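S.K.: My questions will all concern the structure given below.
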Amino acid sequence: MWKELDHEEEFKIYLSKKLNNNLVHDCVSKCRMINEKLENLQDSYNKDKGKMLISCLPHTNHGEAIIISDNSISTAVLCYFDFLKQKG
């Protein structure tokens, strides 16, 4: 089990407005894994808005728009970065 993300409960609420419970859990789990195994997501976002980390991940979407139905790791991380951006 991975440790919690920074602002995890707020992130779950943010996701629950767009996704069903299974997808919320999947997205949070993928973000937790990256957060622990590669780099702290909050730190990555603070450093360069996550650009370096995203460039290291396999992904299908480089644009600003996030495809919510895509369950890839990079999309989960992009969702977290979008949450942090909106959080301010």
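The values are calculated or read from the model by the stated rules, or taken from the named source; none is laboratory data. Everything numeric in this text was worked out from a predicted model, so none of it was measured. Positions of Cβ are backbone-derived with ideal geometry, glycine not excepted, and every protein chain shown enters the neighbour counts. We work out accessible area using only protein heavy atoms, side chains counted, and drop any ligands, DNA or RNA first. Shrake-Rupley method; radii C 1.70, N 1.55, O 1.52, S 1.80 Å.
S.K.: Which ones in the stretch 13-39 are surrounded by fewer than 18 Cβ atoms within 10 Å (Cβ to Cβ), among the charged types (D, E, K, R) and farther than 13 Å from Leu57 by Cβ?
M.R.: Passing the criteria: Lys17, Lys18, Asp26, Glu36.
S.K.: Would you check which residues across the stretch 1-56 are of a type in the set (A, V, I, L, M) and within 16 Å of Gln86 (Cα to Cα) and list them? Outline the logic, then answer.
M.R.: In the first step, residues of the stretch 1-56 are kept if they are of a type in the set (A, V, I, L, M); the result is 1, 5, 13, 15, 19, 23-24, 28, 33-34, 38, 41, 52-54.
Matches in the stretch 1-56: Ile13, Leu15, Leu41.
S.K.: Quick one: is Thr60 at pLDDT below 95 and open to solvent by 80 Å² or more (accessible area, probe 1.4 Å)?
M.R.: Numbers: at pLDDT below 95: yes; open to solvent by 80 Å² or more (accessible area, probe 1.4 Å): yes.
So Thr60 fits the description; yes.
Residue-wise test of (1) farther than 18 Å from Ser72 by Cα; (2) of a type outside the set (Val, Ile, Thr); (3) in contact (Cβ under 8 Å) with a residue 60 or more places away in the chain.
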{"residue": "Glu4", "(1), (2), (3)": "yes, yes, no"}
{"residue": "Glu10", "(1), (2), (3)": "yes, yes, yes"}
{"residue": "Leu15", "(1), (2), (3)": "no, yes, yes"}
{"residue": "Asn21", "(1), (2), (3)": "no, yes, no"}
{"residue": "Val24", "(1), (2), (3)": "no, no, no"}
{"residue": "Val28", "(1), (2), (3)": "no, no, no"}
{"residue": "Cys31", "(1), (2), (3)": "no, yes, no"}
{"residue": "Glu36", "(1), (2), (3)": "no, yes, no"}
{"residue": "Glu39", "(1), (2), (3)": "no, yes, no"}
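S.K.: Please determine, by comparing only the residues of the stretch 64-88 that are open to solvent by 40 Å² or more (accessible area, probe 1.4 Å) and small (Gly, Ala, Ser), which one is modelled with the highest pLDDT.
M.R.: For the stretch 64-88, the residue satisfying everything is Gly88.
S.K.: Here's a follow-up. Let me spell it out: the conditions are (1) open to solvent by 80 Å² or more (accessible area, probe 1.4 Å); (2) part of a helix (DSSP H, G or I); (3) not aromatic (Phe, Trp, Tyr), and Lys3 meets all of them except one. Which number is the exception?
M.R.: (2)
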